[in-house]
Amino acid sequence: MSQNRRIIIFDTTLRDGEQSPGASMNLEEKLEVAQALHALGVDVIEAGFPIASRGDFEAVRQIAQVIRGTTICGLARCNAQDIDRAWEAVKHAEHPRIHVFLATSAIHREFKLRMTKEEIIQRAVDGVKRAKSYCDDVEFSPEDAARTEIDFLCQVVEAVIRAGATTVNIPDTVGYAVPEQMARVISTLRNRVPNIDQVVLSVHCHNDLGLAVANSLAAVQAGAGQIECTINGIGERAGNCSLEEVVMAMKVRNDVYHTETGIVTQRLVPTSRLVSSITGLHVQRNKAIVGRNAFAHEAGIHQDGLLKEPRTYEIMRPEDVGFTKTDLVLGKHSGRAALADRARALGYNLTGEQLNRVFEQFKELADRKKEVYDSDIAALCEQQLRRVPEKWQFVDYQIHCRTGQTPRVRLHLRHGQEDIVVEESCGDGPVDAIFLAIEKATGIHVMCRDFNVHSVSVGKDAQGEVTVEVEYQGQIHRGRGISTDSLEASAKAFLETINRVALLSQGQQAAQEAAESQP
Ligand code: KIV
Ligand code: ZN
């Protein structure tokens, strides 16, 4: 019989993760991430903060309707309006949860809320009772718990459990705690709160000191039964506890933690890639578990040891977290079946039509570069899966540049059956000139907020991946382009943001026309 304690994995990528600067996702993207989290085996998906916006509400509502089996949670402050809205959003879930929070630390009480300790307890109790009137599964978080006086924290926790909370979550909201302290808080609550065994104790750590994973593990050792975390550790400021790291730490060091989770660890890398490609937040190469270098061995002594016995230098197998065994894969003579096989192994389920398009692009790529790596194939698949309807399509460009001279570009786009060719001879450099030419051709002008280029795989002939973030009428839109030619990748990425703007404007226009045609 297993002696392991089952730890609940509460994923908040779609709520706290989405609070990372520049990480906002649209409805379709949130649904896609929710499906991936479900397949990954998380126990709870915190799908959003329904009162925050109509978009957030809609995303939580649709995720609650679509995902079966996993608990779907909506966040609410401790007030009637928030809680009612959260319930409206999650009520169709098979397993709904309302998560209410209220700050408890002295600094928040005094400066943010201007409330006394008694008022805080009353507000927390009222909030939990209201949530409980809708839903059996209620989580309460005393925000900034790690900086709350321990006696007061015990009082709050006891009161919310009496009011009906089923999970009590201890957030280190500002990432101030250290492992010993986090363990002490959890142990104290377990020893001093008389009704503590009626709830699951949870932990929610931010990473401002780089200690979110260590703090969460310390809390687990002290008896916490739920960890709140995000894919790739994204989240407010320096982020949250990283799901892949905390899960693999518990798995690899089972001798220390004696715990288990429901996570299908082979899905960690595909899920990490999906979240990174949707949010545009790159995973650093040396990131534990899912970074591109996490299993790359450079030193000769290490390589030699690995060949003799992998366990000499590997504490887990790459395939256990979803890396495929070989990296060097296909070439120009590889067929469609081999590509389909590889895409499947990398975690991409393509339809026949998507596979055809990826195959076409793969052939073009294999003509341009000798070796096609897993990361090249992953990039092609992601591009296909994340296709934005293309009002304007990139065809080609010509550019003339010389140091000290203004670049001159001739850009060719397609708009339906129409060919558009524009010439532009301005800009600070070739990328700027291409962006200006696209704006001129499409008539859509945006503010470029971020521009990044990085290589998808290795070698001088590697594909470049460009991500662009633009602002249009106060909203952020992101685009991605890949090509062995980084100017072409830039043009494609920028054009994707323009197509997103066009799609949104089209939707808004249709909604307005429908409203005007109402009697
Ligand atoms: O960091 C925090 O305190 C939170 C709460 C809402 C749980 O995200
Ligand atoms: Zn948080």
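Here, each number is a calculation from the coordinates, and none is a lab measurement. Since we're looking at a predicted model, the values are computed, not measured. We place every Cβ from the backbone using ideal geometry, glycine too, and count neighbours over all the protein chains shown.
Per residue, the convex hull spanned by the alpha carbons of segment 56-210 comes to 117 Å³. Overall, segment 5-279 carries a charge dipole of about 280 debye about its Cα centre when +1 sits on the Cβ of Lys and Arg and -1 on the Cβ of Asp and Glu, all other atoms neutral. Taking each DSSP H run with n ≥ 4 as -39500 (n - 2.57) and averaging over every residue of the chain yields -13000 deg cm²/dmol at 222 nm.
If you take every DSSP beta bridge whose two residues both sit in the chain, what share of them, in percent to the nearest 5, is antiparallel?
Approximately 50 percent, going by the DSSP bridge assignments.
Charge dipole of the chain (Cα centre as origin; +1 on each Lys and Arg Cβ, -1 on each Asp and Glu Cβ, all else neutral): 540 debye, rounded to the nearest 20.
Taking a ≥ b ≥ c as the square roots of the eigenvalues of the Cα gyration tensor, segment 193-330 is classed as prolate, since a/c reaches at least 1.5 and a/b is larger than b/c. In terms of the mean number of neighbouring beta-carbon atoms within 10 Å, the peptides 243-249, 382-388 order highest first as 243-249, 382-388. Taking the fewest neighbouring Cβ atoms within 10 Å as the starting point, the ordered list for Arg61, Arg285, Arg449, Arg402 is Arg402, Arg285, Arg449, Arg61.
Residues His95, His204, His454, arranged from fewest to most other Cβ atoms within 10 angstrom of their Cβ, appear as His454, His95, His204. Segment 87-130 and segment 159-192 have Cα centres separated by 15 Å.
Beyond 29 Å, what share of the Cα-Cα pairs of the chain is found? Please give it as a whole percent.
Distances greater than 29 Å cover 57 percent of the Cα pairs.
Computed 3J(HN,Hα) for segment 485-501, one whole-Hz value per residue from the Karplus formula 6.51 cos²θ - 1.76 cosθ + 1.60 where θ = phi - 60°, is 9, 6, 6, 5, 4, 5, 4, 5, 5, 5, 5, 5, 5, 5, 5, 5, 4, glycine and proline marked x.
For the pair segment 377-414 / segment 225-287, the C-alpha centres are spaced 34 Å from each other.
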